[in-house]
Amino acid sequence: MALGKSKLETDESRVAELKVKASLRENDVLVSSPEGVEGLSSRGYGVPENDKLTLTFYEALFLLGKEIIEVEDEKTGKKVGFQDLLKRFQSVDENAWVRYLIYRDLRSRGYVAREGFGLGIDFRVYERGEYGEETAKYLIFGVQEGQPVSVEELARTLRYVQSLKKNLVLAVINRRGEIVYYSLSQLTLK
């Protein structure tokens, strides 16, 4: 193993050698090969269903960008590139680019990020090495610089996250695509 590479990077490069084949469906990407399903799901990608693995668009974009998967359109049988997949993702989700950038940043830092669940929460994030063993400790609320977010919306989301005994993290993407993370907590006056 090369010095300085994390176990996650090494595992992903090993999976990349296989070039997992995936099919683009209407709202997601499907991996059918048993090796691909096993290799990707063990690293926190996708949702297993009936011996197949369903990837979200941002997971598929990330894996396609890393050349771990090869995507083919289910209807046409043609190979799908990064830009084509991104356009499809944007037709389904107006915040596609923002979600992808946050996801890519979290993954590149060694975190496993899974889909969020309502109230503006984009992702659940697991501590390094804890995916599959512990629950997510952080919930990510993504915003683009200059995009208005009401204090009421943030406060409602914060109360919800705290009721789950999790930490809310605001991921702000600036105009250059850089992401700054802010931990949010309730203000208490003494």
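The values are calculated or read from the model by the stated rules, or taken from the named source; none is laboratory data. This one's a predicted model, so the numbers in the text were calculated from it and none came from an experiment. When we count neighbours, we look across all protein chains shown, and the Cβ atoms used for this are built from the backbone with ideal geometry, even at glycine. All accessible areas refer to the heavy atoms of the entire protein, side chains included, with ligands and DNA or RNA removed. Shrake-Rupley method; radii C 1.70, N 1.55, O 1.52, S 1.80 Å.
Here are the numbers:
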item	result
Residue in region 8-20 that is modelled with pLDDT of 85 or more and surrounded by 13 or more Cβ atoms within 10 Å (Cβ to Cβ) present	yes
Residue match in region 110-118 (condition: open to solvent by 80 Å² or more (accessible area, probe 1.4 Å), closer than 12 Å to Ile173 by Cβ and out of contact with any Cys (no Cβ under 9 Å at 6 or more places or on another chain))	no
Those residues of region 128-144 which are open to solvent by 50 Å² or more (accessible area, probe 1.4 Å) and outside any strand (DSSP E or B), in sequence order	Arg128, Gly129, Gly132, Glu133, Thr135, Lys137
Residue match in region 145-168 (condition: among the hydrophobic types (A, V, I, L, M, F, W, C), assigned to a strand (DSSP E or B) and modelled with pLDDT under 90)	no
Selection within region 43-53 - open to solvent by 20 Å² or more (accessible area, probe 1.4 Å) and over 13 Å from the mean Cα position of the chain (by Cα)	Pro48, Glu49, Asn50, Asp51, Lys52
Matching residues in region 37-88 - criterion: being polar (S, T, N, Q) and farther than 19 Å from Tyr131 by Cβ	Asn50, Thr76, Gln83
Breaking point among (1) out of contact with any strand residue (DSSP E or B) (no Cβ under 7 Å at 6 or more places or on another chain); (2) part of a strand (DSSP E or B); (3) of a type in the set (A, V, I, L, M, F, W, C), for Trp97	(2)
Residue within region 93-105 that is under 13 Å from the mean Cα position of the chain (by Cα), under 18 Å from Gly65 (Cα atoms) and basic (Lys, Arg) present	yes
Sole exception among (1) within 16 Å of Ile179 (Cβ to Cβ); (2) in contact with a strand residue (DSSP E or B) (Cβ under 9 Å, 6 or more places away or on another chain); (3) surrounded by fewer than 18 Cβ atoms within 10 Å (Cβ to Cβ) for Ile102, by number	(3)
Some residue of region 29-46 being modelled with pLDDT under 90, in contact with a Ser or Thr (Cβ under 7 Å, 6 or more places away or on another chain) and aliphatic (A, V, I, L, M)	no
Some residue of region 56-77 being among the small types (Gly, Ala, Ser), open to solvent by 60 Å² or more (accessible area, probe 1.4 Å), closer than 28 Å to Arg176 by Cβ and at pLDDT 90 or above	no
Check on Arg175, out of contact with any helix residue (DSSP H, G or I) (no Cβ under 6 Å at 6 or more places or on another chain), open to solvent by 30 Å² or more (accessible area, probe 1.4 Å) and part of a loop (DSSP other than H, G, I, E, B)	yes
